[in-house]
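The values are calculated or read from the model by the stated rules, or taken from the named source; none is laboratory data. Note that this is a predicted model, so its numbers are computed, not measured. Positions of Cβ are generated from backbone atoms using ideal geometry, with glycine treated the same way; all protein chains shown enter the neighbour counts.
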């Protein structure tokens, strides 16, 4: 009986340690697939201009950050919105569209560049019930080294990217981009640097650099 009790105790400890290790591994993986926010950074000039024209969309502050619970249905919703906006909006540069180098707006006329598509995706996902705090406009350097805007979706399984260059929804580290800065989760007007990227480019758009892969 004493031998059996000793064997049972060893098994119980092993099981508990295994559970602890699994939890630790899960936390480690979560950290690896989530972007770490750094110091406060300046907002892109296009965001400042957008907010001056659409103040109601820039005034929502939250007491706490929230994430999206990434069920299979939630992931399908992200993929559907990304695909739909990429296909619906004709992608043109601000210079072609408005005659200026940088202009952020909703693509209400069916045309826009990267940040315009980001704004539209964010608007549609909020309307579908995705937490506003989980949808963060993000500035990166794309594969060609050019300034580019994408939408980061902060989930309980990592940070996923909606991008006008691809219809595939990817984890941030699968994009190959260099991440510069993004909105803070509790205040859309506060921007934070990412991975030591610093302030990044003031001008974001370069929508003609890479075609959407349909």
inquiry  = Restricting to region 168-188, name every residue that is assigned to a strand (DSSP E or B), out of contact with any helix residue (DSSP H, G or I) (no Cβ under 8 Å at 6 or more places or on another chain) and farther than 19 Å from residue 120 by Cα.
reply    = 171, 178, 180, 181
task = Tell me which residues, restricted to region 109-143, are in a loop (DSSP other than H, G, I, E, B) and in contact with a strand residue (DSSP E or B) (Cβ under 7 Å, 6 or more places away or on another chain).
result = 110, 113, 130, 131, 142
query = Do we have residue 130 as more than 11 Å from the chain's Cα centre (by Cα) and crowded, with 19+ Cβ neighbours inside 10 Å here?
reply = yes
inquiry  = Going by what's in this entry, would residue 112 be described as more than 16 Å from residue 135 (Cβ to Cβ) and in contact (Cβ under 8 Å) with a residue 12 or more places away in the chain?
reply    = yes
task = Kindly provide the set of residues from region 158-167 that are touching a residue at least 24 places away in the same chain (Cβ under 8 Å) and either part of a strand (DSSP E or B) or not assigned by TED's automatic domain parsing to the domain that holds residue 70 (or both), ordered by number.
result = 158, 159, 160, 162, 163, 166, 167
task = Show the residue pairs that are 6+ apart or on different chains and have beta-carbon atoms under 8 Å apart, the first residue being within region 53-79 and within 16 Å of residue 135 (Cα to Cα) and assigned by TED's automatic domain parsing to the domain that holds residue 154, the second being modelled with pLDDT of 95 or more and exposed (fewer than 14 other Cβ atoms within 10 Å of the Cβ).
result = 67/156; 68/156; 69/156; 70/156; 77/128
key: The lone exception for residue 103 - which of (1) buried (at least 19 other Cβ atoms within 10 Å of the Cβ); (2) within 19 Å of residue 51 (Cα to Cα); (3) touching a strand residue (DSSP E or B) at 6+ places or on another chain (Cβ under 9 Å) it fails   = (3)
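Check 41, 52 and return the single one that is within 23 Å of residue 191 (Cα to Cα), buried (at least 17 other Cβ atoms within 10 Å of the Cβ), out of contact with any helix residue (DSSP H, G or I) (no Cβ under 8 Å at 6 or more places or on another chain) and at pLDDT 90 or above. Working first, answer last.
Working: 52 fails: buried (at least 17 other Cβ atoms within 10 Å of the Cβ).
Only one candidate passes the filter, namely 41.
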ask   = What pairs can you find where one residue is in region 94-109 and free of Cβ contacts under 8 Å to residues at least 12 places away in the same chain, the other is assigned to a helix (DSSP H, G or I) and surrounded by 19 or more Cβ atoms within 10 Å (Cβ to Cβ), and their Cβ atoms are less than 8 Å apart, with a gap of 6+ or different chains?
value = 100/94
